[in-house]
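K.L.:
Just dropping this structure here.
No value in this document is a laboratory result; all are computed from the given coordinates. It should be emphasised that the depicted structure is a prediction, and the values quoted were computed from it without experimental measurement. Glycine also receives a Cβ, built like all others from the backbone with ideal geometry; neighbour counts cover every protein chain displayed.
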Amino acid sequence: NAGVTQTPKFRILKIGQSMTLQCTQDMNHNYMYWYRQDPGMGLKLIYYSVGAGITDKGEVPNGYNVSRSTTEDFPLRLELAAPSQTSVYFCASSLGTGRNTEAFFGQGTRLTVV
Amino acid sequence: GDSVTQMEGPVTLSEEAFLTINCTYTATGYPSLFWYVQYPGEGLQLLLKATKADDKGSNKGFEATYRKETTSFHLEKGSVQVSDSAVYFCALFSGGYNKLIFGAGTRLAVHP
């Protein structure tokens, strides 16, 4: 019962470095999301996807990129890391159809940019 | 656009106290409403949901009723336990925007 799997769990980056946060789900969900959660704050949507080949911006997309080449995978790319991107990142997925939409979350990636 | 507003925390209660966490929403159409819970060091997990007006979602002693007339989905529990200490998020699924929208979260601390 893997569900949504995120890697890595922790990462420290230097300013200007790049990295990719991996997210994969095995539930054949169409919808996938990337959120960031800053200390003491709620979740802010970075990007989302309604299916393979389709992505769209959320509330805070600047400094990030995504791709969705398969139903299972939805990686998040940071090109030039900045201290403002220090956060906990959550990937989620849902069927996204009908009124019983339920999102399943990964365990999160704690990223620190120094 | 669609949005969710939650009462600010933290909420601090003694064990066996009554809990209410307020949540109101703004949305076009008829969204589905959810409460998610985040225990320390973990990701979010669904606590309960309601998909239409007057529906009551319930789980683990928690309840919330979808009130369309007041656009609210308040979370309640009659007797909290220390193990309920967590952050609680109210959320809606916006069919118009095809995405989940979360409130800011309310931290609950229950002490013995």
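K.L.:
Could I have the simple spin-label model distance between B:THR28 and B:LYS68, label points 7 Å from Cα toward Cβ, reported in nm to one decimal?
P.N.:
1.8
K.L.:
If you don't mind, another one. Only sites in a loop by DSSP and with at most 15 other Cβ atoms within 10 Å count here; which trypsin sites (Lys or Arg not before Pro) in segment B:54-112 make the cut?
P.N.:
Sparse-neighbourhood loop trypsin sites (Lys or Arg not before Pro): B:LYS60, B:LYS68.
K.L.:
So, one more: If each of A:ILE15 and A:MET27 carries a label point 7 Å out from its Cα toward its Cβ, how far apart are those two points in nm?
P.N.:
4.0
K.L.:
Quick check: net charge around A:GLY108, other residues with Cβ under 12 Å of its Cβ, Lys/Arg +1 and Asp/Glu -1?
P.N.:
+3
K.L.:
Tell me which trypsin sites (Lys or Arg not before Pro) from segment A:1-73 have a DSSP coil assignment and no more than 15 other beta carbons within 10 Å of their own.
P.N.:
A:LYS9, A:LYS14
K.L.:
For segment B:39-78 and segment A:4-55, write down the distance between their C-alpha centroids in whole Å.
P.N.:
25
K.L.:
Something else: Simple spin-label model, 7 Å along Cα-to-Cβ: B:HIS111 to B:GLN45 in nm?
P.N.:
For the pair B:HIS111/B:GLN45, the computed spacing is 2.7 nm.
K.L.:
Counting other C-beta atoms within 10 Å, which of B:LEU75, A:LEU45 has the fewest, and how do the rest follow?
P.N.:
Least crowded to most crowded, the residues run A:LEU45, B:LEU75.
K.L.:
Sticking with this structure for a sec: In 10 Å bins starting at zero, report the fraction of Cα pairs in chain B per bin as a rounded %.
P.N.:
Calculated P(r), rounded to whole percents: 15, 50, 28, 6, 0.
K.L.:
May I pose another question? Cα convex hull of chain A: how many Å³ per residue?
P.N.:
So the per-residue hull volume is 98 Å³.
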